[in-house]
Amino acid sequence: MADLTQRPPSFPALWKRIDKAWLVIAAIPVLLAIFDLPQVAPTLTFAGSAIAETGIFIIVAITLVAYVKAAGAETLLAKAFEGSPVRMIVLAAVLGGLSPFCSCQVIPFIAALLAVGAPLSAVMAFWLSSPLMDPAMFTITWGTLGLEFAIGKTVAAVALGLMGGFVTMALAKSPVFTDPLREKPQIGGCCGVKKPFQGKPVWQFWSEADRRDAFRRSWVDNALFLFKWLLLAYMIEALMLHYVPAEMIANLLGGDGIGTVVLAALVGMPAYLNGYAAVGLIDGLLAQGMAQGAAMSFVIAGGVSCIPAAVAVWALVKPRVFAAYLGIALVGALLAGLAWGVIA
């Protein structure tokens, strides 16, 4: 006899389990079919063509990330937190800006380091640079916005990490940074955090079954992740190009003045949900007249304050340290935007 005592999940529970990105992806063509039927096919065609054009970058990115994870290269991050404070900050900023691990994926690792006394300055350097750039982000940015912008964002990511690390070190004894940790860190994350391999990296990972399985899982997970967010980004880009007047974007975010850079940073911090989705968004905004400096300011400010990166910091430190993290990010985004506006 069937068990009739089990109740179906409530709407709040069901809503929490639904992937909102896929929900929006499904809703866009439905809403277009209702309100503007002729625009359905162009929107889907634009998104599909854009993904096809960046396909090689996607494959390279997810393969590289899967290889590093299967080899257990997370252990290399520990070397960034050894030696003199200056050395730690520099290595943490560089590794954060170049490693394929997002902030929330290394929450347990960072929590352990902070618990045993690793300096907050080095951790801050890593936290600020890691959500901004990684091999996957670099290749996707290169394929969509060009190599120069990808390199510029990488340099900005490392520079922001360095700035945040040295500011934190200089103010280590101030009321903001003394006793920075929560009493009960909220260990968790948004990326399906798994325990990394221990010990030295095994670069020829295919000789071990569990590492081969880790490679496969990482490849599939990242392929679905990138496909989802890029599809959403390119669909939004198609809608923006069709419905948003270019003159409006040019008036708000065009030109080389500091006002556009400041506005882009302030808009980017709360509006930014995912770095990969932002690539297509920025591509569309640039096509509509957005200034290069404003584009750089938007991606730097938004990348640091996006939900995954913010959760990683909020989980471990007190609100005043979290506020300092956001403040440093905003100042760094403004500086990066102004610099890129001059260079580009």
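Beta carbons closer than 6 Å, at least 6 apart along the sequence or on distinct chains, pair a first residue in the stretch 117-131 that is of a type in the set (S, T, N, Q) with a second that is part of a helix (DSSP H, G or I) and surrounded by fewer than 24 Cβ atoms within 10 Å (Cβ to Cβ) for Ser121/Met169; Ser129/Val158. Among the residues making up the stretch 18-43, those that are within 15 Å of Met240 (Cβ to Cβ) and touching a helix residue (DSSP H, G or I) at 6+ places or on another chain (Cβ under 8 Å) are Val24, Ile28, Leu32, Gln39, Pro42, Thr43. Kindly indicate whether Phe11 is at pLDDT 90 or above and either exposed (fewer than 10 other Cβ atoms within 10 Å of the Cβ) or small (Gly, Ala, Ser) (or both). Judged against the criteria, Phe11 is not a match. Between residues in the stretch 280-299 that are at negative phi and assigned to a helix (DSSP H, G or I) and residues that are acidic (Asp, Glu) and surrounded by fewer than 24 Cβ atoms within 10 Å (Cβ to Cβ), which pairs lie under 8 Å by C-beta distance while being six or more apart or on different chains? From the stretch 280-299, the pairs are Gly293/Asp256. Looking only at the stretch 253-287, residues that are surrounded by fewer than 19 Cβ atoms within 10 Å (Cβ to Cβ), under 30 Å from Ala323 (Cβ atoms) and modelled with pLDDT of 70 or more come to 7 in all.
May I ask you to list the residues in the stretch 66-84 that are modelled with pLDDT of 75 or more and either touching a Phe, Trp or Tyr at 6+ places or on another chain (Cβ under 9 Å) or farther than 14 Å from Ser121 by Cα (or both)? Of everything in the stretch 66-84, those that are modelled with pLDDT of 75 or more and either touching a Phe, Trp or Tyr at 6+ places or on another chain (Cβ under 9 Å) or farther than 14 Å from Ser121 by Cα (or both) turn out to be Ala66, Tyr67, Val68, Lys69, Ala70, Ala71, Gly72.
Determine whether Ala159 is at pLDDT 85 or above and part of a helix (DSSP H, G or I). It is true that Ala159 is at pLDDT 85 or above and part of a helix (DSSP H, G or I).
The values are calculated or read from the model by the stated rules, or taken from the named source; none is laboratory data. All values derive from a computational prediction rather than experimental measurement. Reconstructed Cβ throughout: ideal geometry from the backbone, glycine too, with neighbour counts over all protein chains shown.
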